[in-house]
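Visitor: To start, I am sharing the structure in question, which I have written as structure tokens.
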Amino acid sequence: MRSWRDSLRPVRMDRIAVVAPADRMRAVLVRLAGTGTVEFDDATPAPAPEAVLSVLPPPATGRPELLAGEAALRAHSRASTTRDEVSAIAGWAPADTVGSLSADLAAVDGAVVVLSRPRGVEIPSMLRPGGVRGSLGSLVETYGTVPYRDVDPTPVAVGAFLLMFGMMFGDVGHGALLLLIAAALAFWHRLARFRRAWPFAAGTGLAGIVFGALYGEFFGPTGVLPALWLRPLERPATLMAAAVFVGAALLAGALALGTVNRVREAGWRAALYASSGIAGVALFAGLAVVAAGWYASLVPLVVLGAVLASLGMVLIFVGFTGEGGVFEACVELFDTVLGLGSNVASFTRLAAFGLTHAALGSIVWAGARALWPRGTAGAAGAVAVFVAGNLLAFALEGLVVAVQALRLEYYELFSRVFQAQGRPFRPWRLPVITEEVSPWPHGSPASR
């Protein structure tokens, strides 16, 4: 059973060696090529499809066979280390597959030996591929590869994305349409190629419904639902303040996660001086305390925040001084402080696009109501305006809001969670397909 620690990181990798008698290594590689679970150190790119077909001598049946990937198999066989008629190739494999891989290779006289991890070697990383989490992992993988030692931020990243999407796309009716789309993606066979996207559609739909209930929006301000919190067009200042608060909270979470990653990557000393580590947390927390003290007119709170922010700036300055000169450290410190302010301000778009969505709904509803009293033709026109207007608002706002949520996720949050890109796990895969063909294609091997 997977421990909670393992669930907070990319798939655990083991350093392994695939071992087999020299005359059986080719058979072992053929078996490995179909599993897609091992990345070799000497990984060579697969030749072009037209270059990997080779005709093998006829087996006992007297009929020849075609094998895809023969050239690459021979290349790996030659690259293996051989001693006393035993060959071995080192690489990486997911830890939870080593046992089954050993049993599988035993059938062709191969074995898997777990080795110690060499120092200074970057371990390949892979996010968990199965289930709903595997489908949602594309949100992080699109940004880049999570370093092996870092925390897998998929659950937190998805939660932040849904929060921001819902705040900008709050409408119960539009959220219900997204749930219908999610159901179609999950169960309609004609959309099977897009099935992995159904968790995103379902999550965004639920987020839209929740915030729609808070805003009292159901295909616009139709009055069907009461506003559990506020109506955006009536209290825009409150919505703007809430957006800034949400942005500050998300930035604080990103800095906290970044601090954990800095410790895992390079230890406490490096994390202490990093702008995305302890120093950055101190600076951001100090500025937040200063803002809270100023708002509440509490001078001691302002002083405490100023001291904390100053400590953070000193640590950041010292850290940048170690990487470059004093002038460069001053520039980097100024950029860090200015960047924090601009990052918080960027989250005001949560309110801006929420207001835009509410305004579009209000315009459509007002147009439909204006046409409704004018007889049968007016009623038909009102229905047409209401349906067409909501479909247009749904499609346009859904696309724009998704892009804005991704923009905030990648530029404002992930830039603090990740300091470097990891190396993706690239298992050795070849189209090893054996086909019986008769007679010899394009003549016999001897005629070639």
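The values are calculated or read from the model by the stated rules, or taken from the named source; none is laboratory data. Just so we're clear, the structure is a prediction, and the values are computed from it rather than from any experiment. Neighbour counts are summed over all protein chains in view; Cβ atoms, including those assigned to glycine, are modelled from backbone coordinates with ideal geometry. The protein model used for the area step is the full one, side chains on, heavy atoms only, and it has no ligands, DNA or RNA in it. Shrake-Rupley method; radii C 1.70, N 1.55, O 1.52, S 1.80 Å.
Visitor: So how many residues does the range 249-266 have that are closer than 19 Å to residue 10 by Cα and open to solvent by less than 30 Å² (accessible area, probe 1.4 Å)?
Guide: 5
Visitor: Give just the number: which of (1) exposed (fewer than 15 other Cβ atoms within 10 Å of the Cβ); (2) under 33 Å from the mean Cα position of the chain (by Cα) does residue 337 not satisfy?
Guide: Every condition holds for residue 337 apart from (1).
Visitor: Moving on to the next point. Filter the range 150-162 down to residues that are within 23 Å of residue 259 (Cα to Cα) and part of a helix (DSSP H, G or I) and give me whichever is nearest to the chain's Cα centre (by Cα).
Guide: Across the range 150-162, the extreme among qualifying residues is 154.
Visitor: Right, something else. So which residues in the range 108-140 are polar (S, T, N, Q) and in a loop (DSSP other than H, G, I, E, B), if there are any at all? Spell out how you get there, then give the answer.
Guide: Of all residues in the range 108-140, those polar (S, T, N, Q) come to 116, 125, 135, 138.
Selection gives 116 alone.
Visitor: For residue 105, all conditions in the list (1) within 30 Å of residue 22 (Cβ to Cβ); (2) open to solvent by 60 Å² or more (accessible area, probe 1.4 Å); (3) not in a loop (DSSP other than H, G, I, E, B) hold save one; what is the number of the exception?
Guide: It is condition (2) that residue 105 fails.
Visitor: Then there's this: Could you grab me the full set of residues in the range 342-393 that are touching a Pro at 6+ places or on another chain (Cβ under 8 Å) and among the aromatic types (Phe, Trp, Tyr)?
Guide: Across the range 342-393, the qualifying residue is only 365.
Visitor: Please pick out the residue among 170, 175, 144, 166 that is part of a loop (DSSP other than H, G, I, E, B), touching a residue at least 12 places away in the same chain (Cβ under 8 Å) and closer than 30 Å to residue 224 by Cβ.
Guide: Checking each option against the conditions leaves just 170.
Visitor: Somewhere in the range 292-312, is a residue surrounded by fewer than 18 Cβ atoms within 10 Å (Cβ to Cβ) and in contact (Cβ under 8 Å) with a residue 24 or more places away in the chain?
Guide: Yes, because at least one residue in the range 292-312 is surrounded by fewer than 18 Cβ atoms within 10 Å (Cβ to Cβ) and in contact (Cβ under 8 Å) with a residue 24 or more places away in the chain.
Visitor: Please list, ordered by residue number, the helices (runs of 4 or more DSSP H) wholly in the range 248-350 having 2 or more residues that are of a type in the set (S, T, N, Q).
Guide: On the way: elements: 268-273, 278-296, 299-323, 326-346.
In the range 248-350, the matching helices (runs of 4 or more DSSP H) lie at 299-323, 326-346.
Visitor: Mind listing whichever residues of the range 143-162 are open to solvent by 60 Å² or more (accessible area, probe 1.4 Å) and over 17 Å from residue 423 (Cβ atoms)? Please lay out each step first, then the result.
Guide: We begin by selecting, within the range 143-162, every residue open to solvent by 60 Å² or more (accessible area, probe 1.4 Å); these are 143, 149, 155-156.
Correct list: 155, 156.
Visitor: Which of the residues spanning the range 387-410 are among the acidic types (Asp, Glu) and over 14 Å from residue 157 (Cα atoms)?
Guide: Hit for the range 387-410 is 397, nothing else.
Visitor: Taking only the range 342-372 into account, find how many residues are touching a helix residue (DSSP H, G or I) at 6+ places or on another chain (Cβ under 8 Å) and farther than 30 Å from residue 216 by Cα.
Guide: 0
Visitor: Taking the condition more than 26 Å from the chain's Cα centre (by Cα) and touching a residue at least 40 places away in the same chain (Cβ under 8 Å), does residue 225 pass?
Guide: Judged against the criteria, residue 225 is a match.
Visitor: When the residues of the range 313-332 are filtered to those that are modelled with pLDDT of 90 or more and open to solvent by less than 40 Å² (accessible area, probe 1.4 Å), which remaining residue is nearest to residue 397 (Cα to Cα)?
Guide: 316
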